[in-house]
1. How many residues does segment 305-341 hold that are surrounded by fewer than 18 Cβ atoms within 10 Å (Cβ to Cβ) and under 30 Å from residue 381 (Cα atoms)?
2. Inside segment 199-254, can you point out the residues that are part of a loop (DSSP other than H, G, I, E, B), open to solvent by 10 Å² or more (accessible area, probe 1.4 Å), touching a Lys or Arg at 6+ places or on another chain (Cβ under 9 Å) and of a type in the set (A, V, I, L, M)?
3. Could you tell me which of the residues 77, 155, 170 is in contact with a helix residue (DSSP H, G or I) (Cβ under 8 Å, 6 or more places away or on another chain) and among the aliphatic types (A, V, I, L, M)?
4. State yes or no: is residue 276 more than 15 Å from the chain's Cα centre (by Cα), open to solvent by 50 Å² or more (accessible area, probe 1.4 Å), of a type in the set (Phe, Trp, Tyr) and farther than 29 Å from residue 42 by Cβ?
5. Restricting the search to segment 109-126, which residues are out of contact with any helix residue (DSSP H, G or I) (no Cβ under 7 Å at 6 or more places or on another chain) and either among the hydrophobic types (A, V, I, L, M, F, W, C) or open to solvent by 30 Å² or more (accessible area, probe 1.4 Å) (or both)?
6. Going through segment 90-107 one residue at a time, which ones are at pLDDT 95 or above and crowded, with 16+ Cβ neighbours inside 10 Å?
7. Among residues belonging to segment 279-304 that are part of a strand (DSSP E or B) and of a type in the set (A, V, I, L, M, F, W, C), point out the one that is most open to solvent (accessible area, probe 1.4 Å).
8. Do we find a residue being closer than 26 Å to residue 216 by Cβ, surrounded by 15 or more Cβ atoms within 10 Å (Cβ to Cβ) and over 28 Å from the mean Cα position of the chain (by Cα) anywhere in segment 80-89?
Amino acid sequence: VLEELIPEVLDTRVLVSLPQACAFGPVGPLIVYDTVTSSYHVHDRRAHFKDNTPTSTATQRILKREWTTPDVSCPTAPKTFLNEDAGCRIEPSCSAPTFGSANVVLNDQGLRDFYTLDGTHAYVINGLRILPGAPSPCLGGEGVYYRFVKRSTGACNGGGTNLDESIRTALVAAIEAAKIGRGAGTLALDVELAENACSDAGGNAVGAEVTVGTDECWEHAHDSEFGVFNFNLWLNTHPGNVIRYNKGRPNPIADIAERENAGNLADSVTLNYPSWKDMAFWEDNNWRFDVIGLYGDTVDFASLPINVQGTNLAASVGAPDLGSPAPFEVCGSPGEVANDPTAGHNYNTYQRADQGDAQERMLDQDHHSWTSKQHVWATVSAK
């Protein structure tokens, strides 16, 4: 049963009940068919918040994402003169869990598991271009690393870049040294060369391809090429979302992971940087993304950024839950009460995301994550 909202919200209904038991999955588009109007509705995911007033109990404070995995966390307000005397307490249940070691392979299936198990958009970035004026790997230097990526199995086409033999020898030796102790699935390396390892006044080694052994073609690449990142923040803040939305096209970041029937696993975990897009866009925005590792590497679950340490992935790879290391202080905030997900937050502040400026009659107003508290303030003060 789908009911209209009051006041009406454009093309929006609330799912009140189902004719039979139906389990919504943690990821992917969820579609409901309305037999009354013969129309399809896409599930608009939203968080369900709990009370966090100074007198709330620990159970009331817990926030649960009802539509995904059973992960919980405890919201907390800053300690101020309004709550420091009676609104803060130590809650052991609110401490962040810690996990023990377990191997996580950052291959196509491993990256796909981040999404299917915990909804993390972990992608490998491909197609980044080396910036003009980039130094030659021949300059080398202690603690200076140059990214090389494996482009193909087999010798490079045409034997690779036309290089002076001394340059080729130095690059191949450095790549082989960096491969020591790495697995057969290694696809990216940060290579260290000795200072002035080779003479390259013309910069010919920049972006060069060299054949290593007889069956691997390695290319000098952008420092972030074949890096694996968490792109969850980019789902709502990517500036291209507005353009795609207005054209009736899917979110460009979510669309990668939601290609369930693409027939190519690599396509569902690879963000291909557009050849027409200026590289300054990447340089200005890559700080937004958690670095997970290098494509093809095996990393320790315990060393992953906490934002991508999902409980389902931990269980899948065998990372033990070590519990909470220490009690955690939580503070309530006067007037911070549970939300009604059907009411939306219709008092606008600065926003830009999927819906652009189409704010009227919308259930929610898209916004940057760092303006969330402004929305709460605007809603409480303006209602």
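1. Qualifying residue count, segment 305-341: 8.
2. 233
3. Values: 77 fails: in contact with a helix residue (DSSP H, G or I) (Cβ under 8 Å, 6 or more places away or on another chain); 155 fails: in contact with a helix residue (DSSP H, G or I) (Cβ under 8 Å, 6 or more places away or on another chain).
Checking each option against the conditions leaves just 170.
4. Values: more than 15 Å from the chain's Cα centre (by Cα): yes; open to solvent by 50 Å² or more (accessible area, probe 1.4 Å): yes; of a type in the set (Phe, Trp, Tyr): yes; farther than 29 Å from residue 42 by Cβ: yes.
Yes; evaluated as a whole, the condition is true for this residue.
5. 116, 125, 126
6. Scanning segment 90-107 gives 102, 104, 105, 106, 107.
7. Going residue by residue through segment 279-304, those that are part of a strand (DSSP E or B) are 290-294, 298-300.
From what's left, of a type in the set (A, V, I, L, M, F, W, C): 291-292, 294, 299.
On the way: 291: 92, 292: 12, 294: 23, 299: 25 Å².
Ranking the candidates gives 291 first.
8. Just the residues of segment 80-89 that are closer than 26 Å to residue 216 by Cβ, to begin with: none.
No, segment 80-89 contains no residue that is closer than 26 Å to residue 216 by Cβ, surrounded by 15 or more Cβ atoms within 10 Å (Cβ to Cβ) and over 28 Å from the mean Cα position of the chain (by Cα).
The values are calculated or read from the model by the stated rules, or taken from the named source; none is laboratory data. Computed from a predicted model, the values in this text were never measured in an experiment. Don't worry about glycine lacking a Cβ; one is built from the backbone with ideal geometry, like all the others, and counts go over all protein chains shown. These accessible areas exclude ligands, DNA and RNA; they are computed on the full protein's heavy atoms, side chains included. Shrake-Rupley method; radii C 1.70, N 1.55, O 1.52, S 1.80 Å.
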